[in-house]
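Below you'll find the structure, written out as structure tokens, and then a few comments.
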Amino acid sequence: MTETYIATLDRIVDGQTAVLLLEENGETVEQLDIDVTTLPPEAQHEGAVLEVAVEASELLEAEYLPDATQSRKKSAQDRLDHLSTKLSDQE
């Protein structure tokens, strides 16, 4: 049975294995290790967000989601900026 997930490229190991974290309802539910070259070229970087189709732990399709990738990157930067501000206020 084919299942669809939102996936985040968590890391690339040894320059060839992409570690995808698969999400359901905003929660990580599974990890999928694949050859990085099976991903679209524009998605071959850490933090890339994709919509993936998986069957029996095999990647069938992957579509890069540039808007979601940018949104998550901005959200993470905003959180970091917020924490930095709070720390500088304590001095």
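The values are calculated or read from the model by the stated rules, or taken from the named source; none is laboratory data. This one's a predicted model, so the numbers in the text were calculated from it and none came from an experiment. Every residue, glycine as well, gets a Cβ built from its backbone with ideal geometry; the counts of neighbours run over all protein chains shown.
A few notes on this one:
- One residue from Ala76, Ala56, Ala68 being aliphatic (A, V, I, L, M), over 13 Å from the mean Cα position of the chain (by Cα) and modelled with pLDDT under 95: Ala56
- Exactly one residue out of Leu9, Leu39 is surrounded by 15 or more Cβ atoms within 10 Å (Cβ to Cβ), at pLDDT 95 or above and in contact with a helix residue (DSSP H, G or I) (Cβ under 7 Å, 6 or more places away or on another chain), and it is Leu9.
- Residues in the stretch 24-35 that are part of a strand (DSSP E or B), surrounded by fewer than 16 Cβ atoms within 10 Å (Cβ to Cβ) and not β-branched (Val, Ile, Thr): Glu24, Glu27, Glu30, Gln31, Asp33, Asp35.
- Pairs, first on the phi < 0 side of the Ramachandran plot in the stretch 54-71, second of a type in the set (Asp, Glu) and surrounded by 12 or more Cβ atoms within 10 Å (Cβ to Cβ), C-beta under 7 Å, six or more apart: Val54/Glu3; Glu63/Glu51; Leu65/Glu51
- Residues of the stretch 61-76 satisfying the condition of being assigned to a helix (DSSP H, G or I) and of a type outside the set (D, E, K, R): Pro66, Ala68, Thr69, Gln70, Ser71, Ser75, Ala76
- For the stretch 3-34, a tally of residues being among the aliphatic types (A, V, I, L, M) and either over 16 Å from Glu51 (Cβ atoms) or touching a residue at least 60 places away in the same chain (Cβ under 8 Å) (or both) returns 4.
- Within the stretch 42-88, tally of residues that are surrounded by 15 or more Cβ atoms within 10 Å (Cβ to Cβ) and polar (S, T, N, Q): 2
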